[in-house]
Ligand code: GDP
């Protein structure tokens with residue numbers, strides 16, 4: 001994520017740190033590189049100008065030139081200015097204590113509205129709230145069915161009227177139903193067009209007038225760069241937006257759009273979408289994002305992600321097992337199955353400082369084949385073998401390999417690795433790994 005923006009900024013800082021002492025002259029060179037890399041990352045010109053003015057004023061002040069580590073000082077200034085233009089934060093959905101809170105999602109076709117309905121539902125379900133989804137995208141033929149599929153996957157109700165051609169009426173009826181059934185949240189999945197047009201805007205205005213949504217969120221495709229900025233401006237003129245959700249920031253999005261959209265709309269970025277799965281929605285944190293842009297990594301986000309997949313009780317049990325040395329191959333398999341979810345390892349690695357470079361390796365076919373083979377080999381073992389791999393002799397190894405459809409060395413390697421790993425885990429668990437994780441979350 002944000003590769004080109006962070007690469008550019010990194011090379012800017014590298015070129016500065018090569019010079020022993022900063023002077024006003026080479027500081028300006030550095031600032032020029034920062035400016036160029038932001039423009040290349042699709043940050044709009046006016047935002048860059050504004051940003052550079054703020055950074056230069058601070059950077060060229062005596063404080064930086066006189067500081068002991070001027071390069072670090074410059075990084076700090078860019079970091080804190082990034083935070084300031086990306087903030088303030090407001091990840092709350094502002095749910096009302098009574099009556100359904102009406103959330104309306106709007107955005108261009110393909111921006112990720114329907115998928116985001118599912119992601120928000122997942123988030124709400126984690127809070128024990130079951131929303132009602134309303135299929136009001138009557139433009140895209142498959143949108144209604146897509147929302148029903150999501151509803152079935154997440155076990156949340158979906159309201160649709162396949163024969164009704166009037167999205168305003170569908171939204172109104174959906175909201176009435178949510179009210180009648182006492183739903184706490186209703187999410188309207190509205191139509192998008194491939195580009196902004198008057199008809200779309202007037203449709204959204206009519207829905208807005210008819211059902212008075214409590215929260216209107218613009219869903220923006222982070223991959224589309226400057227187009228995203230232009231459309232955000234238009235939506236913001238038509239509707240009173242309460243927030244922006246930027247999707248597809250898991251790909252090689254240039255990321256600059258996020259800064260520009262924030263600048264153009266002036267409303268908070270609520271969430272970012274980092275994948276196609278329902279759990280790939282993160283509350284937006286400017287500190288983390290600024291860190292990622294500067295490639296400092298974001299341990300907090302990684303810790304949160306880890307917490308999401310392994311719940312408190314499971315983690316405590318695992319830690320106790322690790323600490324006492326009772327951790328078996330079966331536990332190892334369960335852990336692998338959790339982290340082997342598509343894209344998850346890569347996402348977590350991308351968030352760790354300095355680990356971004358391993359992301360591609362972990363996401364490679366080779367790596368996922370390796371994980372599958374390991375899980376397959378453990379599946380082919382008896383429970384006794386999983387608890388006590390020492391009993392696995394040559395004969396058993398051959399049987400397991402045959403059962404899992406892998407070569408025998410794969411099984412030998414796995415047992416060897418587990419042998420090395422177990423005492424390491426024991427040490428880590430003894431050192432209170434869970435406590436450290438908790439600390440990072442605070
Ligand atoms: P809509 O037309 O606005 O409802 O868009 P959809 O929800 O159908 O999304 C369009 C495509 O983008 C689908 O293939 C989604 O799976 C994909 N998508 C949505 N959000 C994300 C995201 O955060 N990351 C990635 N990689 N893909 C996404």
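The values are calculated or read from the model by the stated rules, or taken from the named source; none is laboratory data. Just so it is clear, the model here is predicted, and its values are computed rather than measured. Positions of Cβ are generated from backbone atoms using ideal geometry, with glycine treated the same way; all protein chains shown enter the neighbour counts.
Exactly one residue among 47, 75 is outside the structural domain of residue 179 (by TED's automatic domain parsing) and modelled with pLDDT of 85 or more, and that residue is 47. Against the criterion of being surrounded by fewer than 19 Cβ atoms within 10 Å (Cβ to Cβ), within 16 Å of the ligand (Cβ to nearest atom) and either at pLDDT 60 or above or not assigned by TED's automatic domain parsing to the domain that holds residue 219 (or both), residue 307 does not qualify. For the range 184-215, the set of residues classified as more than 15 Å from the ligand (Cβ to nearest atom) and closer than 16 Å to residue 93 by Cα consists of 184, 185, 186, 212, 213, 214, 215, listed by residue number. Residue count for the range 133-143, restricted to those that are buried (at least 24 other Cβ atoms within 10 Å of the Cβ) and either more than 8 Å from the ligand (Cβ to nearest atom) or at pLDDT 95 or above (or both): 4.
Listed by first and then second residue, the pairs linking a residue in the range 140-154 that is closer than 20 Å to residue 106 by Cβ and assigned by TED's automatic domain parsing to the domain that holds residue 113 to a residue that is modelled with pLDDT under 95 and surrounded by fewer than 18 Cβ atoms within 10 Å (Cβ to Cβ), with Cβ atoms under 7 Å apart and 6 or more places separating them unless they lie on different chains, are 140/109; 144/162. Looking across the range 254-278, just one residue is part of a loop (DSSP other than H, G, I, E, B), more than 30 Å from residue 156 (Cα to Cα) and either in contact with a strand residue (DSSP E or B) (Cβ under 7 Å, 6 or more places away or on another chain) or free of Cβ contacts under 8 Å to residues at least 60 places away in the same chain (or both), and that is 266.
For the range 153-170, the tally of residues that are part of a loop (DSSP other than H, G, I, E, B) and in contact with a helix residue (DSSP H, G or I) (Cβ under 7 Å, 6 or more places away or on another chain) stands at 6.
When residue 173 is tested against (1) over 22 Å from residue 200 (Cβ atoms); (2) assigned to a helix (DSSP H, G or I), exactly one condition is not met: (1). If you take the residues in the range 96-107 that are surrounded by 17 or more Cβ atoms within 10 Å (Cβ to Cβ) and not in a strand (DSSP E or B), which one is farthest from the chain's Cα centre (by Cα)? Among them, the one singled out is 100.
So which residues in the range 371-387 are without any contact (Cβ under 8 Å) to a residue 40 or more places away in the chain and surrounded by 12 or more Cβ atoms within 10 Å (Cβ to Cβ)?
Answer for the range 371-387, where residues must be without any contact (Cβ under 8 Å) to a residue 40 or more places away in the chain and surrounded by 12 or more Cβ atoms within 10 Å (Cβ to Cβ): 371, 372, 373, 376, 377, 380, 382.
Residues that are outside any loop (DSSP other than H, G, I, E, B) and out of contact with any strand residue (DSSP E or B) (no Cβ under 9 Å at 6 or more places or on another chain) do not occur anywhere in the range 108-117.
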